[in-house]
Every structure is written in structure tokens, then in C-alpha cells.
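Structure first, commentary second.
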Amino acid sequence: MSGRIPREWLVLESLENEQHDRCLDLFQRPDGSFGFEAFRRDVEDRGVWTPVSYFSGGRYDDRDAALAAARLVVGWLWPSAET
């Protein structure tokens with residue numbers, strides 16, 4: 001898990017692309033807000049998931065709103081991730 005997703009945040013779902021080298025985590029914070037973070041995994045990094053942006057700071061009212069926001073900024077996600 002990335003340092004951008006603290007342990008007290010609950011990861012609800014991890015979505016990967018077909019190549020298994022990109023991932024999106026949807027999470028819920030203890031305050032009830034939701035968010036997401038995008039990651040990549042490369043051979044050069046020994047397969048470790050590395051955050052690709054600073055999306056985890058966004059706050060959304062529910063999981064669906066977080067996923068909708070992710071689809072706007074994470075190119076590989078749309079339309080492959082189903083709700």
C-alpha cells in the first residue's frame with residue numbers, strides 16, 4: 001500500500017488494467033469521505049506499485065462519485081471499470 005493511503009483508510013476496491021501494470025484504489029477515510037489513487041507497476045521498479053499522481057487528496061461523498069471523478073482523469077479506466 002502506498003504512503004499516500006494511510007493504514008486507517010479502508011481500500012474498498014482495487015481495479016487493474018488488462019496488462020496488470022496500472023491500478024486504481026478506491027478508498028474510504030475514517031471521516032466517511034471517499035477518494036482514489038492511481039498506481040503503476042514496472043519491471044524496473046521490481047513490480048512495486050508506485051503512485052502516478054496526487055489524486056488521494058480529493059474528497060467525494062460516496063464511492064460512485066470517487067469512481068466518476070477517477071474516470072475523468074485516469075485514461076485507462078474508462079470504460080473498462082464497471083460500477
Examine segment 31-50 for a residue that is more than 17 Å from Arg4 (Cβ to Cβ), surrounded by 14 or more Cβ atoms within 10 Å (Cβ to Cβ) and in contact with a Pro (Cβ under 9 Å, 6 or more places away or on another chain), and state whether such a residue exists. no
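Quick check on segment 53-72: of everything there that is in contact (Cβ under 8 Å) with a residue 24 or more places away in the chain and of a type outside the set (Gly, Ala, Ser), which residue is nearest to His20 (Cα to Cα)?
The residue in question is Leu67.
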Picked from segment 32-42 (must be over 18 Å from Trp76 (Cβ atoms) and outside any loop (DSSP other than H, G, I, E, B)), the residue farthest from the chain's Cα centre (by Cα) is Phe34
Selection from segment 14-31 of residues charged (D, E, K, R) and either outside any loop (DSSP other than H, G, I, E, B) or without any contact (Cβ under 8 Å) to a residue 40 or more places away in the chain (or both) yields Glu16, Asp21, Arg22, Asp25, Arg29, Asp31
### Task
Restrict the check to segment 11-31 and report whether at least one residue is over 10 Å from the mean Cα position of the chain (by Cα) and among the aromatic types (Phe, Trp, Tyr).
no
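For segment 23-30, check the following and say yes or no: at least one residue is exposed (fewer than 15 other Cβ atoms within 10 Å of the Cβ) and either touching a helix residue (DSSP H, G or I) at 6+ places or on another chain (Cβ under 7 Å) or over 15 Å from Arg63 (Cβ atoms) (or both).
Yes, because at least one residue in segment 23-30 is exposed (fewer than 15 other Cβ atoms within 10 Å of the Cβ) and either touching a helix residue (DSSP H, G or I) at 6+ places or on another chain (Cβ under 7 Å) or over 15 Å from Arg63 (Cβ atoms) (or both).
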When (1) modelled with pLDDT of 90 or more; (2) out of contact with any Asp or Glu (no Cβ under 8 Å at 6 or more places or on another chain) are applied to Arg46, the one that fails is (1)
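Here is a yes/no grid of residues against (1) touching a helix residue (DSSP H, G or I) at 6+ places or on another chain (Cβ under 7 Å); (2) among the β-branched types (Val, Ile, Thr); (3) touching a residue at least 12 places away in the same chain (Cβ under 8 Å); (4) at positive phi:
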residue: Ile5; (1), (2), (3), (4): yes, yes, yes, no
residue: Trp9; (1), (2), (3), (4): no, no, yes, no
residue: Leu12; (1), (2), (3), (4): yes, no, yes, no
residue: Asp42; (1), (2), (3), (4): no, no, yes, no
residue: Trp76; (1), (2), (3), (4): no, no, yes, no
Exercise. Would it be correct to say that Ala70 is outside any loop (DSSP other than H, G, I, E, B), modelled with pLDDT of 95 or more, small (Gly, Ala, Ser) and touching a helix residue (DSSP H, G or I) at 6+ places or on another chain (Cβ under 8 Å)?
Worked result: yes
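The values are calculated or read from the model by the stated rules, or taken from the named source; none is laboratory data. Everything numeric here is computed off the predicted structure, so don't read it as measured data. Every residue, glycine as well, gets a Cβ built from its backbone with ideal geometry; the counts of neighbours run over all protein chains shown.
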